[in-house]
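Right, one structure below, let's go through it.
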Amino acid sequence: MSEVLITKKEIKRYLNTDLPVFVFESLKSTNLTAKEYATKGAVEGSVVVALSQTGGRGRLGRQFFSPKGSGIYLSLILRPDLPPEDITLITASAAVAVCNMIEKICDKKPQIKWVNDIFLDNKKVCGILSEGTFSSDGKRAEYIILGIGINLFVPDSGFPEDIERIAGGIFEKNDKIDLNLIIAETVNEFLRLYDNLHNPDIVKGYRNRLMLMGKTVNYIKNGITESGKVLDIDNNFRLIIEKATGATEALQSREGTIKSSTLTKKD
């Protein structure tokens, strides 16, 4: 990994705005620590960074492998005026932001696996998890924690057996990179999009990178496995799927998931 150390001072040097930054060698989860700060009144845009996580989590309660020396793990505290159903806008915008960062830093062409994973060369290099606490009436977010875990390199010992087929890194071991710049540019790109979550350019950027477009996939909805061809996404980032019957349905992230076994399937 790069010899450049991660420090609050260096991250803030690259940020486009003055934000509170908290850097740790290791945490159980940057999202959990960010939640603690949020409940104590931390301002919007506060950034929690860790070099490793002992209990990193992904979507649907999955573990997110977060060893020291191969990735960066960060969470942002957000306080948007959004209803619960619009939290997907944050996750999708973060996916576009990470793709923008990768293209800016190393000129590679990442793709998005609906709804929250970033892939390079058919290998997952980033996972995103948005979690929220809402008002007592459930109509507005009190705060949202946006967690982003990025695999910069393949670990020296490799990935665990259960993910080694699908996980990868963005860079080669000998690549010299500035980790502070990568963290800051990820935050910069997201906050630029966060200013207007309903900007149609976000949907366009997401659609252009959607790796499932035109593919036949197996998906799980309400516990039932179904199959269909991905036609598009709509403005709410629902996946538009055409079933074998010719009928279409819009799959929401909170009600369904794509089975990983279909990612390399050829039509």
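Tabulated data for the structure shown
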{"quantity": "Rounded percent of accessible protein surface that carbon and sulfur make up, the chain, 1.4 Å probe", "calculated": "47"}
{"quantity": "Angle between the chain longest axis and helix 179-194 axis [Cα atoms, degrees, rounded to 10]", "calculated": "50"}
{"quantity": "Convex hull (Cα only) mean projected area of the chain, reported in nm² to one decimal", "calculated": "14.2"}
{"quantity": "Antiparallel bridges, percent of DSSP beta bridges restricted to the range 105-213 (to nearest 5)", "calculated": "90"}
{"quantity": "For the chain, calculated [θ]222 nm from helices alone, where every DSSP H run of n ≥ 4 adds -39500 (n - 2.57)", "calculated": "-7500 deg cm²/dmol"}
{"quantity": "Point-charge dipole on Cβ atoms (K/R +1, D/E -1) for the chain, about Cα centre, debye to 20", "calculated": "340"}
{"quantity": "Eligible aspartates and glutamates near residue 8 by straight Cα distance, threshold 15 Å, same-chain separation 8 or greater", "calculated": "18, 25, 178, 185"}
{"quantity": "Approximate spin-label separation residue 156-residue 211, in nm, with each point projected 7 Å along Cα-to-Cβ", "calculated": "2.8"}
{"quantity": "Probe 1.4 Å, protein heavy atoms only - accessible area per residue of the chain in square angstrom", "calculated": "47"}
{"quantity": "FRET E, pair residue 204, residue 104, Förster distance 25 Å, beta-carbon r, rounded to 0.05", "calculated": "0.90"}
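The values are calculated or read from the model by the stated rules, or taken from the named source; none is laboratory data. Here the structure is a predicted model, which is why all the values come from computation and not from measurement. Ideal geometry is used to build each Cβ from the backbone, glycine not excepted, and the neighbour counts take in all protein chains shown. Protein only, heavy atoms only, side chains kept; ligands, DNA and RNA dropped before computing areas. Shrake-Rupley method; radii C 1.70, N 1.55, O 1.52, S 1.80 Å.
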